[in-house]
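A.B. asks: Have a look at this one.
The values are calculated or read from the model by the stated rules, or taken from the named source; none is laboratory data. This structure is a prediction, so every number in the text was calculated from the model and none was measured. So basically every Cβ, Gly included, is an ideal-geometry build from the backbone, and we count neighbours across all protein chains shown. Keep in mind that these areas ignore ligands, DNA and RNA; they rest on the heavy atoms of the full protein, side chains included. Shrake-Rupley method; radii C 1.70, N 1.55, O 1.52, S 1.80 Å.
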Amino acid sequence: DKRTTQAELQDGILHAVKRLVKSGKFPDGLTTEGYFKRLHVFHGHPDEVSAELGADQVFPHITDLICQFNPGVPNLDQALRAFELIATKVAPALGWRPKREARVADRPALNAAVTNGALATPEVAYVR
């Protein structure tokens, strides 16, 4: 859910925001959620992430789904779970289908992400 994923990501996000505010690139005084939106961080349940990505004004023009965790900095298990959910829930909900079968040894979540074509929006998508 949004509250849980925001709590897991906010330290990394707010650390990056501090640098952006100090350099004058971001305004000071936004809420944490305001900074998440300003950075185009999509997070929460897979249905929420799919709906938000699908509603983004650039969505009709994109051809690839690029997933990035920085500056959120989840731990490895969180990142792998997010990739798995992006590959198995978010990407298919957005209409992506696998192009080919690929395997990464001992990494079922990465295998699912590669197989479903999710590893290939300029926004961050973090799913729990």
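A.B. asks: Looking only at the stretch 30-50, count every residue that is in contact with a helix residue (DSSP H, G or I) (Cβ under 6 Å, 6 or more places away or on another chain) and either crowded, with 17+ Cβ neighbours inside 10 Å or more than 16 Å from Lys18 (Cα to Cα) (or both) and tell me the total. Working first, answer last.
C.D. replies: Initial filter on the stretch 30-50 (in contact with a helix residue (DSSP H, G or I) (Cβ under 6 Å, 6 or more places away or on another chain)): 32, 35, 42-44, 46, 49-50.
Keeping just the survivors that are either crowded, with 17+ Cβ neighbours inside 10 Å or more than 16 Å from Lys18 (Cα to Cα) (or both) gives 35, 42-44, 46, 49-50.
The qualifying residues number 7.
A.B. asks: OK, next. Looking at (1) more than 16 Å from the chain's Cα centre (by Cα); (2) closer than 20 Å to Phe83 by Cα, which one does Val41 not meet, given that it meets all the others?
C.D. replies: (1)
A.B. asks: Could you please let me know if Phe42 is more than 22 Å from Gln78 (Cβ to Cβ), of a type in the set (A, V, I, L, M, F, W, C) and not in a helix (DSSP H, G or I)?
C.D. replies: On the way: more than 22 Å from Gln78 (Cβ to Cβ): no; of a type in the set (A, V, I, L, M, F, W, C): yes; not in a helix (DSSP H, G or I): yes.
It is false that Phe42 is more than 22 Å from Gln78 (Cβ to Cβ), of a type in the set (A, V, I, L, M, F, W, C) and not in a helix (DSSP H, G or I).
A.B. asks: What residue, among those in the stretch 51-93 that are among the polar types (S, T, N, Q) and more than 10 Å from the chain's Cα centre (by Cα), is most open to solvent (accessible area, probe 1.4 Å)?
C.D. replies: Going residue by residue through the stretch 51-93, those that are among the polar types (S, T, N, Q) are 57, 63, 68, 70, 75, 78, 88.
Imposing the further condition that a residue be more than 10 Å from the chain's Cα centre (by Cα) reduces the set to 57, 63, 75, 78, 88.
Working: Gln57: 162, Thr63: 107, Asn75: 83, Gln78: 43, Thr88: 63 Å².
Among those residues, the one meeting the criterion is Gln57.
A.B. asks: Any residue at all in the stretch 8-22 that is in contact with a helix residue (DSSP H, G or I) (Cβ under 7 Å, 6 or more places away or on another chain), modelled with pLDDT of 90 or more, open to solvent by less than 30 Å² (accessible area, probe 1.4 Å) and at positive phi?
C.D. replies: Within the stretch 8-22, not a single residue is in contact with a helix residue (DSSP H, G or I) (Cβ under 7 Å, 6 or more places away or on another chain), modelled with pLDDT of 90 or more, open to solvent by less than 30 Å² (accessible area, probe 1.4 Å) and at positive phi.
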